[in-house]
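First the structure, in the form of structure tokens, and then the observations on it.
The values are calculated or read from the model by the stated rules, or taken from the named source; none is laboratory data. All values reported here derive from a predicted model rather than from experimental measurement. Cβ atoms come from the backbone with ideal geometry, glycine included; neighbour counts cover every protein chain shown. Side chains are part of the model used for accessible areas, which takes the heavy atoms of the whole protein and leaves out ligands, DNA and RNA. Shrake-Rupley method; radii C 1.70, N 1.55, O 1.52, S 1.80 Å.
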Amino acid sequence: MRRRTRALLVALSTFLVLGSSIVVLCHFETWKNREISLSDSISIDIESGASFREIARTLADSGLIENQLYFEVYARLNNFSEHLQAGLYSFSGSVDVDSVISRLVTGEVDAFRVMLPEGGTFLEFKSTLANLPHLKNDIEHLEVSTVMDELGLTVNSDWVTNGHGEGWFFPAQYEYQAGDAASSILLKAHREMQSRLEEVWNTRFDSEHINSRYDLIKLASIIEKESALAEDQKRISRVFFNRLEENMRLQADPTVIYGLGASFTGNLTRTHLKTDNEYNTYTRRGLPPTPICSPSLNSLEAAARPTEGDEFYFVSRGDGTSEFSRTLTEHNRAVQKYQKLTRH
């Protein structure tokens, strides 16, 4: 009798264990295949060095997984637990455990974008990078020469030590990921400028006044500040080449403004034009000592390949286009027509 009772108890216990296991397995399968609909986008930041359990807790707290224990078991059984990568991830719509794990294993982190504007200065680029989310600002308090050294850029000219970083970073849109350094974006921009500059240099108009790639950037930077229209840029380039060939001063307002730096308040006066400094192309002949901004590809191409023409002057019409003239008399009439403001 006791043996029969014991056998019944064993059988009952086995049945209960099996039954419980089946229930748990069914529940586990349901959990594994369940989709979670997210009403709002969810972002999680997996820090470098975080343990697997910390990552699981982060996922559970964010609502991306409904059962932390199941997730831990599932990940360990499938050898995912040691392969989850750090980074910032965003999820939206419907997700399931496999889609979450896949993102974390492949390191499909969020990509952010930043636009370094055409015609921007080095300080403007620094300011842009300083205000980006999830970017490590490792250049905020560094001088131009220090930044160039930190990037390992082989530029050995006085303009670097004198604090002028214009022209060596190509203005464009760049991608970065959470935790990237601001210097990494500048390095991408520098390499892009080198690449673009080399392409343009190899198809340039042959002129004794543009003796180096650096000269080409200088001219392109002035063109960039004078006009945003590609057609006008090529004509402006021709005006500057004509002036250089005749040993005339370029008389480009943007170079004077750049030379004034922070003291410029927005009103360029006759006094400014007459006050000599190394960037004043009204008082000095030739190109300025450095670029005055980061030129676009259109400006680089305009500086390398100007249109044909015999104009020596141009003035803004006030609508984004320019009026070109051959003689000073024609130019003065154009100035009277299109520029009503008088410099003092």
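Seen against the Cα atoms of the chain and their longest principal axis, helix 68-77 is set at about 90 degrees. In terms of accessible area, using a 1.4 Å probe and ignoring ligands and nucleic acids, MET148, MET248 rank largest first as MET248, MET148.
Here is the list for region 223-287: trypsin sites (Lys or Arg not before Pro) lying in DSSP coil, each with at most 11 other C-beta atoms within 10 angstrom of its C-beta, are ARG285.
With all protein chains in place and a 1.4 Å probe, the accessible surface of the chain carries 48 percent carbon and sulfur.
Here's the list of aspartates and glutamates a cross-link from LYS337 could span, going by alpha-carbon distance under 16 Å and ignoring same-chain residues fewer than 8 apart: ASP319, GLU323. Accessible surface calculations at 1.4 Å, restricted to protein heavy atoms, place region 211-284 at 46 Å² per residue.
This model, with +1 at the C-beta of Lys and Arg and -1 at the C-beta of Asp and Glu, gives the chain a dipole about its Cα centre of some 760 debye. Placing HIS134, HIS190 in order of accessible area, with the largest value first and a 1.4 Å probe, yields HIS134, HIS190. Ordered from highest to lowest accessible area with the whole protein assembly present and a 1.4 Å probe, SER94, SER322, SER37, SER212 read as SER37, SER94, SER212, SER322. Between helix 182-201 and the chain there is an angle of about 50 degrees, using the helix long axis and the longest principal axis of the Cα atoms.
Report, to the nearest 10°, how far helix 213-226 tilts away from the longest principal axis of the Cα atoms in the chain, using its own Cα long axis and a range of 0 to 90°. Tilt relative to the chain: about 90 degrees. In this view, the solvent-accessible surface of TYR338, computed with a 1.4 Å probe and all protein chains in place, comes to about 60 Å². Within the set (i) 25.1; (ii) 23.9; (iii) 23.2, the number that Kirkwood radius over Cα pairs in Å takes when calculated for this structure is listed as (i).
Placing unit charges on each Cβ (+1 for Lys and Arg, -1 for Asp and Glu) gives region 225-333 a dipole about its Cα centre, and among THR255, PHE241, ASN277 the Cα reaching farthest toward its positive end belongs to ASN277.
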